[in-house]
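Below is one structure, written out as structure tokens; comments come after it.
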Amino acid sequence: EQGRQVLYLLPEIALTTQIINRLRKYFGNRVGVYHSKFNKNERVEIWNKVKLGELRVILGARSSIFLPYQNLGLVICDEEHDASYKQQEPAPRYNGRDAAIYFASLFGAKTLLGSGTPSIESYYNAATGKYGLVELMQRYGDLKLPQIEFVDTRKIIQKNTGRQAPHDKIILSPPLIEAVNEVLARKKQVILFQNRRGYAPYQVCGVCGWIPQCKYCDVSLTYHKLSNKLICHYCGTTYPPVHSCAACGSDKFVQRNFGTEKIEEQLQETFPDAKVARMDIDTVKGKNAHDVLIQQFEQRRIDILVGTQMVVKGLDFDNVDLVGILDADGLLHFADFRVNERAFQLMEQVSGRAGRKPSFVETSAGKEETAKVLIQTSQPTHPLLQVVQRHDFKAMFEEELKKRKEFSYPPFTRIIHLTFKHKLKEVVERAAYHYTEALKIKYGSYIVGPAEPVIGRIRNQYLMELLLKLPRDGRTITQCKKDLLEQIAILHQNKSFRSVTIVAD
């Protein structure tokens, strides 16, 4: 009404489909969409319309911050906790949410961060009074949050052997199959979540334990059955399938773990009458592929949707009565200080896809809501899973905050992460140690490392990492950034380290 512009940020292109339809109902053609799936001509057209003020509301992914707004009045950052707001490669490395908050301050615009599972940093800012806090304590339509149940994969017995089934062989447990059948019988829909794409994340020689690896990266290759190729998910190199072991010549390969492709295949075998679809990077390649899949699911032309993180985030479907997390253990074991926060957010967000419209069954005790979340795990007593079961964000926040304070992680510090890259391992190691020694004089107490990361080589470049945990003090941080750049310049003057690439993030 004031004639100012609004920037509406979303973490994933997939989410724009549903929200754009709702915004256009209200605001008509004054709403524009901007993201990386548009071609250059379309982007220029949107750029000009923003500059001329024809578009009042811009809905977009993180890159839409860089459009030439004339008079920004409001920035909405939906699902603000999402890791997709962070740009990793290539530079500029920035967090879309943080950039948007700063950008809004330049225009004197209001900023609204929305999330059902806020990031620790944002919630800490609200708890300490830096941000305002508005809490919605009830679900839309006064619905209850879905009931969460665990399936203990250690207790599942194989029919043919009568023994405990290996954890990585259990894709659909008997309780999950039973629950899916019940939901399909009620003509409702199911979402299944697994955070790995492809068919089998790795193959192992059954005789000597050799695993096919990428030539250019220190990672195992993922088998994709549809294209019948082994693919490296780090550099994208494809290889023909391996039939004999390079170490011992055996042809006895065992496929370990499972990705979305294998789940889709098993669903089609287990539920032959149901319509099954998969949503991951491999299936949504075109500009409109997201929209088509989401529309088909909305129109109930798909009964079971299996996917990676894309199915977790912010989508709103009326008829989903069951959500299954097929491998919760895989979410709990990352070498990252945010692992518990991210796992909680993913599980809580995916469970929020269930029961968005009231659905009841008559029981002897009266009416019961049918929406349910099943989590398959080998450690149902894990403290984080207990918190997820209670939908208790505050308990997770308080526990994480204690640990962050103890080990000096955000929100109590600011982190600068340096990555050294070179095609020779000894050169990159020497460069990292040389660089660290020069910094130690001034920043010794803030430095962690240097150390080799979990994946020590990507695209034929060996990696070393260095972490600086700096106090939340603008002057120290600004000075440290200057010193880091200066030391990079000094390092590059040394002949033997000239070709070492250093990435600061």
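What the table shows:
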| quantity | calculated |
| --- | --- |
| Segment 469-505, residues that are open to solvent by 60 Å² or more (accessible area, probe 1.4 Å) and of a type in the set (Ser, Thr, Tyr) | Thr478, Ser499, Thr501 |
| In segment 379-388, residue nearest to Val350 (Cα to Cα) [restricted to those that are crowded, with 17+ Cβ neighbours inside 10 Å and at pLDDT 85 or above] | Val388 |
| Qualifying residue in segment 494-504 (condition: assigned to a strand (DSSP E or B), more than 18 Å from Tyr216 (Cβ to Cβ) and small (Gly, Ala, Ser)) | yes |
| Filter result for the condition that a residue is within 28 Å of Arg404 (Cα to Cα) and open to solvent by less than 60 Å² (accessible area, probe 1.4 Å), over Tyr69, Tyr131, Tyr102, Tyr85 | Tyr85 |
| Segment 175-223, subset closer than 15 Å to Gln266 by Cα and more than 21 Å from the chain's Cα centre (by Cα), residue most open to solvent (accessible area, probe 1.4 Å) | Glu178 |
| Residue within segment 250-263 that is touching a Ser or Thr at 6+ places or on another chain (Cβ under 6 Å), more than 24 Å from Ile294 (Cβ to Cβ) and either modelled with pLDDT of 85 or more or not in a strand (DSSP E or B) (or both) present | yes |
| Test: residue in segment 276-291 that is of a type in the set (S, T, N, Q), modelled with pLDDT of 80 or more and open to solvent by 70 Å² or more (accessible area, probe 1.4 Å) | no |
| Scan of segment 27-65 for residues that are closer than 14 Å to Ile76 by Cβ and open to solvent by 70 Å² or more (accessible area, probe 1.4 Å), ordered by number | Phe27, Arg56 |
| Matching residues in segment 464-503 - criterion: being closer than 23 Å to Ala335 by Cα and touching a Lys or Arg at 6+ places or on another chain (Cβ under 6 Å) | Leu470 |
| Gly324 being modelled with pLDDT of 85 or more, among the small types (Gly, Ala, Ser) and either surrounded by fewer than 17 Cβ atoms within 10 Å (Cβ to Cβ) or not in a helix (DSSP H, G or I) (or both) | yes |
| Subset of segment 182-236 [of a type in the set (A, V, I, L, M), in contact with a strand residue (DSSP E or B) (Cβ under 8 Å, 6 or more places away or on another chain) and over 30 Å from Glu452 (Cα atoms)] | Val183, Leu184, Val190, Ile191, Leu192 |
| Residue under evaluation Ala246, criteria (1) open to solvent by 20 Å² or more (accessible area, probe 1.4 Å); (2) modelled with pLDDT under 85; (3) of a type outside the set (D, E, K, R); (4) at positive phi, criterion not met | (4) |
| Where a residue in segment 268-290 is under 27 Å from His233 (Cα atoms) and its partner, wherever it lies, is outside any helix (DSSP H, G or I) and modelled with pLDDT under 75, with Cβ under 6 Å and at least six apart | His290/Val284 |
| Failed item, numbered, when Glu54 is tested on (1) touching a residue at least 40 places away in the same chain (Cβ under 8 Å); (2) touching a Lys or Arg at 6+ places or on another chain (Cβ under 8 Å) | (1) |
| Candidate set from segment 224-243 (those that are open to solvent by less than 50 Å² (accessible area, probe 1.4 Å) and aliphatic (A, V, I, L, M)); member that is nearest to Ile458 (Cα to Cα) | Ile231 |
| Cβ-Cβ under 6 Å pairs, at least 6 apart or on other chains, segment 383-405 side free of Cβ contacts under 8 Å to residues at least 40 places away in the same chain, far side in a helix (DSSP H, G or I) and surrounded by 13 or more Cβ atoms within 10 Å (Cβ to Cβ) | Ala395/Val387 |
| Test set (1) in contact (Cβ under 8 Å) with a residue 60 or more places away in the chain; (2) buried (at least 18 other Cβ atoms within 10 Å of the Cβ) - Leu143 fails condition number | (2) |
| Hits in segment 105-128 (condition: in contact (Cβ under 8 Å) with a residue 60 or more places away in the chain and either touching a strand residue (DSSP E or B) at 6+ places or on another chain (Cβ under 8 Å) or open to solvent by less than 40 Å² (accessible area, probe 1.4 Å) (or both)) | Ala109, Thr117, Pro118, Ser119, Ile120, Glu121, Tyr123, Asn125 |
| Matching residues in segment 421-468 - criterion: being in contact (Cβ under 8 Å) with a residue 60 or more places away in the chain, part of a helix (DSSP H, G or I) and either open to solvent by less than 40 Å² (accessible area, probe 1.4 Å) or closer than 14 Å to Val503 by Cα (or both) | Val427, Val428, Ala431, Tyr435 |
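Okay, residues lined up against (1) modelled with pLDDT of 85 or more; (2) part of a strand (DSSP E or B); (3) more than 19 Å from the chain's Cα centre (by Cα):
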| position | (1), (2), (3) |
| --- | --- |
| Asp98 | yes, no, no |
| Phe103 | yes, no, yes |
| Leu106 | yes, no, yes |
| Leu113 | yes, yes, no |
| Asn125 | yes, no, yes |
| Lys130 | yes, no, yes |
| Leu133 | yes, no, yes |
| Glu149 | yes, yes, yes |
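The values are calculated or read from the model by the stated rules, or taken from the named source; none is laboratory data. Note that the coordinates shown come from a computational prediction; the quantities given were computed from them, not determined experimentally. All Cβ positions, glycine included, derive from the backbone under ideal geometry; neighbour counts span all protein chains shown. Only protein heavy atoms, including side chains, enter the accessible area calculation; ligands, DNA and RNA are left aside. Shrake-Rupley method; radii C 1.70, N 1.55, O 1.52, S 1.80 Å.
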